[in-house]
Amino acid sequence: MRVELTVNGVLRSADVEPMTRLIDILRKNLRLTGTKEGCGEGECGACSVVMDGKLVNSCLVPAIQAAGSDITTIEGLGTPENPGELQVIFNEEGAIQCGFCTPGMIVAAHDLLQKNPEPDTDTIRRELSGNICRCTGYGKIYNAVARASRAGYGKNQEIFARKNLCENKKPVFSPDEEGRYFSPSTLKEALEILKQNPEALILAGATDIIPDLRGGRGGEPERAVNVFGLPELRGIYEDGEYIRIGGCVTNDELENDPLVNEALPALSHCASRCGGPAIQNRATIGGNICTASGAGDLPVVLLALSAYVLLADAGGEELIPVEDFVTGYRRTALKPGQIVREILVPKPAPGSRQAFFKRGSRKALSLSRVSLAAYLELEEGKAAKLCLAAGSMSPVPIRLKKTEAALTGNTFDAAFIDKACLLASEEISPRKQAAYRKNITGNLLRRFLEEIRTNPA
């Protein structure tokens, strides 16, 4: 497969296999070795580059999705002979330790200051949360970014404005790849391809697929269809009683969309907690539920919000509850030839309350050890509707239906809260650390309910 890319303002090309990672193209084919590989799973950020204006982990982008893109690497910000302003500031502030993570850290800082030239300390910490410094030198790194901001670095980004020079934005497949790898332009085209190739791997954000392939949980796919850029899978809009979310909407889009923030704040908050910025720019809502991991976060919120999955194939569409979609660990109701077109979330009732909580080994980039989502409607001081969902404690996320049934219709008071927390902690059946997880689940639910009791508005 031949791909064209604009890299640091220069048109480049490479002959690679469709699932070759972008980091390998940069390092091996183009000899741009400033981009480093650390974990290979999108957790460390050493491989960070800017792709089409978004920070991404180049270790998680397959070549079939990188074709025609505009890439900025650390070499595009300055060279050893002529370092850029941000590189100089990092050096002068002592923000360089062993240097291995530094290229990705500087690229992430550059991306942040392009978007937000005057970030506060909390924003700097959050936006660099996907970049790990193994030498634990974060303080000086944050100081360097703050100094660059004060120096006006983010306000002078027109010097980095470059035109994408690629004329061919699609990969050119070799004869042996034709008929096995596909990069359709429309959903209709994708569904026809899947009709003819029902077992083909569907590539959305690829943030789970690439680590799975490299971790031995699947060989090189015989066939694959890239759907990440399909416009029909990217929208968020109101439609009657539902808010519809395209299957390839990213976590970043969920976090920052005004409609989601207003109507579905629990979903927005959950998306903000799923990985660092580079992961959030690629990971999709459809991919998260199709992975069907017991530690997945978005399905927990969607369960509590009583959401549905709209599946599509060449023959039509099928609507099923999220609860019925995830059928087991790494198993879903998705049939061969089908794709997740949209997620339909019922509009929350006026005055209803919702929340999502997760606890892991650390705050950023951590898999959940305990997760809880809650939705509550109150009428005349009683719980008219209560939906609770828990994750990371069983092979699949679950609704706490016994707790819901025992409390719905009851008066919302201190006794209600005590009973709810006890029932929820008893209903879950954690596989490990049972006492800890039961206790945390009850505490998280208490936090949600006490907030409502003390602040009913």
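For this structure, a couple of remarks:
- Residue that is farthest from Val345 (Cα to Cα) [pool: residues in segment 250-292 that are without any contact (Cβ under 8 Å) to a residue 40 or more places away in the chain and among the hydroxyl-bearing types (Ser, Thr, Tyr)]: Ser272
- Within segment 423-457, considering residues that are surrounded by fewer than 16 Cβ atoms within 10 Å (Cβ to Cβ) and not in a helix (DSSP H, G or I), the one modelled with the lowest pLDDT: Ala457
- Hits in segment 136-180 (condition: hydrophobic (A, V, I, L, M, F, W, C), surrounded by 15 or more Cβ atoms within 10 Å (Cβ to Cβ) and at pLDDT below 85): Phe160
- Test result for Lys28, assigned to a loop (DSSP other than H, G, I, E, B) and of a type in the set (D, E, K, R): no
- Any chance Gly94 is in contact with a Lys or Arg (Cβ under 6 Å, 6 or more places away or on another chain) and modelled with pLDDT under 95: yes
- If you go through segment 387-422 and keep only what is among the hydrophobic types (A, V, I, L, M, F, W, C), closer than 19 Å to Lys358 by Cα and surrounded by 19 or more Cβ atoms within 10 Å (Cβ to Cβ), you end up with Cys387, Leu388, Ala389, Ala390, Met393, Val396, Ile398, Leu400, Ala420, Cys421.
- Output for segment 49-81, where each listed residue is open to solvent by 60 Å² or more (accessible area, probe 1.4 Å) and modelled with pLDDT under 95: Pro80, Glu81
- Members of segment 231-256 found to be within 19 Å of Arg353 (Cα to Cα) and in contact with a strand residue (DSSP E or B) (Cβ under 8 Å, 6 or more places away or on another chain), listed by number: Glu241, Tyr242, Ile243, Leu254
- Members of segment 217-262 that are closer than 30 Å to Pro18 by Cβ, aliphatic (A, V, I, L, M) and open to solvent by 30 Å² or more (accessible area, probe 1.4 Å): Ile236
- Number of positions in segment 263-315 that are of a type in the set (Asp, Glu) and either open to solvent by less than 20 Å² (accessible area, probe 1.4 Å) or touching a Pro at 6+ places or on another chain (Cβ under 7 Å) (or both): 1
- Selection of helices (runs of 4 or more DSSP H) fully inside segment 76-188 by the criterion of at least 3 residues being of a type in the set (D, E, K, R) and farther than 22 Å from Asp252 by Cβ returns 138-150.
The values are calculated or read from the model by the stated rules, or taken from the named source; none is laboratory data. Model, not experiment: these values are computed from the prediction. FYI the Cβ positions are ideal-geometry reconstructions off the backbone, even for glycines, and counts take in every protein chain you see. Please note that ligands, DNA and RNA were not included when accessible areas were found on the heavy atoms of the full protein model with its side chains. Shrake-Rupley method; radii C 1.70, N 1.55, O 1.52, S 1.80 Å.
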